[in-house]
Amino acid sequence: MNETNQDIASAFEVGLVIGVTSPEEVVAWADSVVGNSEYPAAWIIPIALAQENDRLALLKLLRVVPKADNEIMRWCLIAEAVISALDLKASSLRTVSMALSHCYLQESVTAELAHFEARYEACDSGEADWQTVDDAFLKYLQESITRARLD
């Protein structure tokens, strides 16, 4: 399954909110889309022209993007951004889990994230093991990507 520009923009919005995507990445992506298209969509041009250091302005611009075509692909792109941030040591799974609980996501993802959030809270109280929960959350993210990319 291939992602659309709406899927990517929607994932970038969540990535900016939870801190796994930088404004520079968003503007660079929009610049490349505009530069590679004879007739780019009207909604992407202001994103390409935005200031790279203004996260709030970018979030406002991303919120007017037409709805993502595929919620499964959107979640896949978000999961990929999370894993990339983890690889760069720019975030932790616990931080991501808490931040994602404040984002609009499809119902099945929200339910799964609530389960992980409860497990992390159990870690806070000493009733669960951090590494076990981190491993399970990472596995869930990787499986989400695999399912979306193989469909």
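Coordinate-derived values only; no laboratory data. Computed from a predicted structure; not experimentally measured. Cβ: placed from backbone, ideal geometry, glycine included. Neighbour counts: every protein chain shown.
Per-structure values
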| item | result |
| --- | --- |
| Charge dipole (debye, nearest 20) of the chain; +1 at Cβ of Lys and Arg, -1 at Cβ of Asp and Glu | 240 |
| CD proxy at 222 nm, helix term only [per DSSP H run n ≥ 4: -39500 (n - 2.57); per residue of the chain; nearest 500] | -22000 deg cm²/dmol |
| Chain lengthening between His115 and Arg63 when straightened (0.36 nm per residue, less Cα-Cα) | 16.0 nm |
| Cα Rg, Dmax (largest Cα-Cα span) when computed across the stretch 5-150, Å | 16.1, 57 |
